[in-house]
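Coordinate-derived values only; no laboratory data. Here the structure is a predicted model, which is why all the values come from computation and not from measurement. As a convention, Cβ positions derive from the backbone with ideal geometry for all residues, glycine included, and neighbour counts pool all protein chains shown.
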Amino acid sequence: MTSSLPSSWLQALRVYMHPRVLGMLTLGFSAGLPLLLIMGTLSFWLREAGIDRTTIGHLSWIGLAYSVKWMWSPLVDRLPLPLLTRLLGRRRAWLLLSQVIITIALVGMAMTDPQMDLAQLVFFALAVAFASATQDIALDAYRIEAVAVELQGAMAATYQAGYRMAMILASAGVLWIAAAMDISNITYEHAPWRIAYLIMALSMAVGIVTTLLIREPDVAYDRLSSKNEQIAQMAIAQWPLHPLLRRFLVWLYGALIAPFRDFIVRHGRQALLILGLIAIYRISDVVMGVMSNPFYVDMGYSKDEVAAISKVYGVLMTIVGAAIGGILTLKIGIMRTLFLGAVLSAVTNLLFVWLAGQGHDVNALIFTISADNLSAGIASSAFIAYLSGLTNSAYSATQYALFSSVMLLLPKFIAGFSGQFVDAYGYEPFFIATALLGLPVLILVWLAGQARFDQRTETPAP
C-alpha cells in the first residue's frame, strides 16, 4: 500500500529521532555483548590456545541455546519473578536477572584457561548462552510492545546499531586488550585473555543500568488473553477440579499452547511456508561465520589487523547497512528488502573465495568485509522487521522467541560441521558451499511475498 509509505527520504530518516527508537541503542548493546564472547572471539581464543578446528566447530553448538529458547520463553512471558516483577515489571525483571547471570558467567570464563580445563570454560560459556538467550526473549518482547509495527524497522536498525557497537567491544576490543597485555606475542598466555574477559563482564553494567532506568511498555495485562485463550478459560472453569489446579491449567494453556495455536490459526496454510523461510533466511551468514576467525588466523592476519578491519570497520559497515535496511523497509516494503538482503548475503560469501586466493592482503580484506557486512546489515533490519510483524502482542515474547529460535536452529547445527568441512576440502569450497545455501532462500522469500500479496488483495465472500 504505497500511500502509507513516506513521501521523501527525509521523512523516512526522521523515524530515528523517535525516543523509543533512540532508546534501543543501549539495550541493543546489552544484547550484543555476550554473543561473540562465546562464538567468534572465543573461537579466536581457542585457536590461539592450540585447540583444533574440529573441536572449535563442535563448540559452536553452544550457540544452539539461542535456537531452543522458545522452550522457556513462555516462562519469561508469564512467570513473575519474586520481588523483581513487583518492583520492575515483567520485562525489566527478566532482563535484570539474565544480565546479572551473564556478568557472573563471564567472570567464570575469564578465570578459566582452555588449555588447563576446557570443560569448565564450556560450562561457563553455556551459562552465558542461556542467560543471553533469556535476555533476548525479554528484550524482543519489550521492543515489539514499545512501538507500533510501522516503527519496527527503525527499532531494528537502532537495536542493531547498539548491538554492533557491543560486538566491536566484544571482538576488536577483546583482541586489542589481549594483544596489549600479551608480552611475548609469540607463545600463548592465558593472562591477556583473562583481563579482556573481565573487562567484558564489567561492561555488562551498561545493560544493568539501562534496565533499571527504562519504563515498562504501556501494555495492559488484560490484553494478554486472546479470544482463543478466553474460550479455554471458560471451558476449564467447568471442570470438577480444585480452584488452584484450574488456575494452573489456565495459565499453562495460555503460556504453552495458546501462543503457537494463535500463530497457526492466524496464518493457516502459510504457517509452514513462513517457518521454512525463517529457518533458512540467515543460513549463509551463520554457517560461514563460524570459520571466519579461524580463516583470518590461518591466513596470517594479526589480532590487531582482525580487530581493526573485521571487528571495528566491518561492524560500522553493518550499522550503515542496518540503517539503510530500516529506510528501505519504509520506502520499498519489507518483502522487497528481504529479497535484496538474501541476494546480497549469498553473493558476498563468494568474495571470501577470492580473498582466500589473495594471501595476506589487507586491502582485499577491507573490500570483502565492507561488502559482506553492509549486506548483512540490510538483511538483518528487514528480517527483524518481518519477524516483528508476524507476532501477536498477546504473546510477543513467546512467538518472537519461536521465530528467532527457528531462525538459528538449522544454521547453527550445520555450522557445527564447518570445521570438519574445511579440514577435508579447504576454505574455498567451503565459502562456495555457503553461498549456494542461499539459493533456496530466494525461492522462499518470493513465495512468502506472493502469499502476503494474496492475503492483502483477497476479497471476502459475500
Lys pairs in the chain, Cα-Cα under 29 Å, at least 8 apart or on separate chains: how many? 6
If you count, for each residue, the other Cβ atoms within 10 Å and average over each peptide, how do 264-272, 61-69 line up from highest to lowest? 61-69, 264-272
Taking the Cα-to-Cβ direction at Met71 and at Ile186 and moving 7 Å from each Cα, how far apart do the two end points lie in nm? 4.8
Global form of the stretch 26-126, assessed from the alpha-carbon gyration tensor, a/c cut-off 1.5: prolate
Nearest 10 degrees is fine. How inclined is helix 314-331 to the longest principal axis of the chain, computing both from alpha carbons? 30
Helix 439-457: angle to the longest alpha-carbon principal axis of the chain, degrees 0 to 90, nearest 10? 20
Classify the stretch 353-405 as rounded, prolate or oblate from the Cα gyration tensor: take a ≥ b ≥ c as the square roots of its eigenvalues, call it rounded if a/c is under 1.5, otherwise prolate when a/b beats b/c and oblate if not. prolate
Using alpha-carbon positions, the gyration tensor of the stretch 315-462 gives root eigenvalues a ≥ b ≥ c; with a/c under 1.5 called rounded, otherwise prolate if a/b exceeds b/c, else oblate, the class is prolate
Simple label model, 7 Å out from Cα along Cβ direction - Leu442 to Leu83, nm: 5.7
Karplus-derived 3J(HN,Hα) from phi for the stretch 187-203 (6.51 cos²θ - 1.76 cosθ + 1.60, θ = phi - 60°), whole Hz, x at Gly and Pro, runs 8, 6, 10, 7, 3, x, 5, 4, 5, 4, 6, 5, 5, 5, 4, 5, 5
Between Val209 and Leu245, what is 0.36 nm times their sequence separation minus the Cα-Cα distance? Round to one decimal in nm. 9.1 nm
Among 279-292, 354-367, 204-217, the order from most to least packed when residues are scored by Cβ within 10 Å on average: 279-292, 204-217, 354-367
Report the full-extension gain for the segment Asp361 to Thr54: residue separation times 0.36 nm, less the Cα-Cα distance, to one decimal in nm. 107.9 nm
Sort the following peptides by mean Cβ neighbour count (other Cβ atoms within 10 Å, averaged over residues), highest first: 296-302, 99-105. 99-105, 296-302
What is the helix-to-structure angle for 362-390, meaning the angle in degrees between its Cα long axis and the longest Cα principal axis of the chain, kept from 0 to 90 and rounded to the nearest 10? 10
Note: Glu305 to Ala179 extended length (0.36 nm per residue) minus current alpha-carbon separation gives 44.3 nm
Using helices alone, I'd like the mean residue ellipticity at 222 nm for the chain: each DSSP H run of four-plus residues gives -39500 (n - 2.57), total over residue count, nearest 500. -23000 deg cm²/dmol
I want to check the label-to-label distance for Asn392 and Leu25. Put each point 7 Å from Cα in the C-beta direction and report it in nm to one decimal. 3.7
